[in-house]
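The values are calculated or read from the model by the stated rules, or taken from the named source; none is laboratory data. All figures in this text were calculated on a predicted structure; none of them were measured in a lab. Positions of Cβ are backbone-derived with ideal geometry, glycine not excepted, and every protein chain shown enters the neighbour counts.
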Amino acid sequence: MDAGETRASLKRAAETGDLAALTALGRHMLVELPYMHREGVGHIIEAAQKGEPDATHMVSVFAACGAGLPQDWSAAFDYMRHAAGFGSSLARAQLALLSNKEWQHARDHIDIDTLLATPEPRIVSPAPRISVIENLLPHVLCDWLIERARPHLKPAQVYSRTTAEGSIERGRTNSAMEFNIAETDLVVALVREKIARLTQLPMHAMEHTQVLHYTPGQQFFRHFDFFEPSIPTHAREIEARGQRLATFLIYLNENFEGGETDFPEIGWRYCGRKGDALLFWNVEGRAPDRRTLHAGLPTTRGEKWLLSQWIRGR
């Protein structure tokens, strides 16, 4: 069944009052071509207003991210409470996680300012610009992100130099899970908000958040994260969506050896402890900074988990 047939089938079911179908229709419009973002958000909001649990969870994320709704963290947690009351197990688990209380009593114990607080970055290199942020995420949130990603891992891709699409190449051997807007939960949104505050770049400029997984021997060979303006497909991507200004990495576990993030041009390697983060800027002014050449070195023992966030110029 192609995308048009899928949508037609879901629309027919939604017109009978099937709220799960209405929610699925909205999700499909958000994440599958041809995208219809405004209509997709509208369907999900309508389903949430009628008490559909998954739709209400998604509206919570919309409010947290400012996607289709004004950004409002207090409203996001209120919607999450409603989703939990409607029966969303995902909403209940997040409320308990973020409050350390039973989900029924969680909303009154959530301190949003504390959840969104960020430590002071420590500059480790002024040129290229690299900073370390220690203890950015509590361990329980790191564990949550790993378990959310684990069932959805696929071979990690790189941006093709010729097709303007993701492709699997020999230079990158790890796996990854990408959180599109339909997969994003309130924990992921919270992480994105922390990154936005640390970089002073808007959440709307961020690509989909990814969780990366490396088993022993897997690696990401030396590469740049910026788009190369001299490559036509990259130049068109810069024109359409902006340059990748910054890369933000959060280390989600510690029980491995090797796996450092290596910057050979400046002779520096880093492997954070669980919950630590690394920020580096891929450009200097408007020009790509070639001193940001880096690699994810192979792990030699254990599994490595990492959150990766690329941030665009617009």
Where a residue in region 43-63 is farther than 10 Å from LEU19 by Cα and its partner, wherever it lies, is at pLDDT below 95 and not aliphatic (A, V, I, L, M), with Cβ under 6 Å and at least six apart: PHE62/GLY68
Whichever residue in region 250-280 is crowded, with 19+ Cβ neighbours inside 10 Å and among the aromatic types (Phe, Trp, Tyr) and, among such residues, is nearest to ARG197 (Cα to Cα): PHE280
Any chance VAL124 is out of contact with any helix residue (DSSP H, G or I) (no Cβ under 7 Å at 6 or more places or on another chain), at pLDDT 95 or above and part of a strand (DSSP E or B): yes
Filter result (assigned to a loop (DSSP other than H, G, I, E, B) and buried (at least 18 other Cβ atoms within 10 Å of the Cβ)) within region 72-111: SER88, ILE110
Residue within region 39-49 that is out of contact with any Lys or Arg (no Cβ under 9 Å at 6 or more places or on another chain), among the acidic types (Asp, Glu) and not in a helix (DSSP H, G or I) present: no
Qualifying positions in region 282-297 - part of a loop (DSSP other than H, G, I, E, B) and either modelled with pLDDT of 95 or more or of a type in the set (Gly, Ala, Ser) (or both): ASN282, GLY285, ASP289, LEU293, LEU297
Residue ranges of strands (runs of 3 or more DSSP E) in region 175-281 with at least 3 members not charged (D, E, K, R): 175-179, 209-214, 220-223, 244-251, 277-281
Sole residue being small (Gly, Ala, Ser), surrounded by 17 or more Cβ atoms within 10 Å (Cβ to Cβ), under 21 Å from the mean Cα position of the chain (by Cα) and at pLDDT below 95, chosen from GLY26, GLY40, GLY68: GLY68
Top-ranked residue of region 160-180 - restricted to ones that are surrounded by 18 or more Cβ atoms within 10 Å (Cβ to Cβ) and modelled with pLDDT under 95, ranked as nearest to HIS223 (Cα to Cα): ARG172
Only one of ASP262, ASP276 that is over 19 Å from ALA149 (Cα atoms), among the acidic types (Asp, Glu) and out of contact with any Gly (no Cβ under 7 Å at 6 or more places or on another chain): ASP262
Selection within region 165-187 - out of contact with any Leu (no Cβ under 7 Å at 6 or more places or on another chain) and of a type in the set (A, V, I, L, M): ILE168, LEU186
Selection from region 264-294 of residues that are in contact with a Leu (Cβ under 7 Å, 6 or more places away or on another chain) and either on the phi < 0 side of the Ramachandran plot or without any contact (Cβ under 8 Å) to a residue 60 or more places away in the chain (or both): PRO264, GLU265, TYR270, GLY272, LYS274, ASP276, ALA277, LEU278, LEU279, TRP281, ASN282, VAL283
Long-range neighbours under 8 Å by Cβ, at least six apart or interchain, first residue over 20 Å from SER131 (Cβ atoms) within region 236-254, second not in a loop (DSSP other than H, G, I, E, B): GLU237/TYR159; ARG241/ARG312; GLY242/ALA205; GLY242/ARG312; ASN253/CYS142; ASN253/ILE146; ASN253/LYS304; ASN253/TRP305
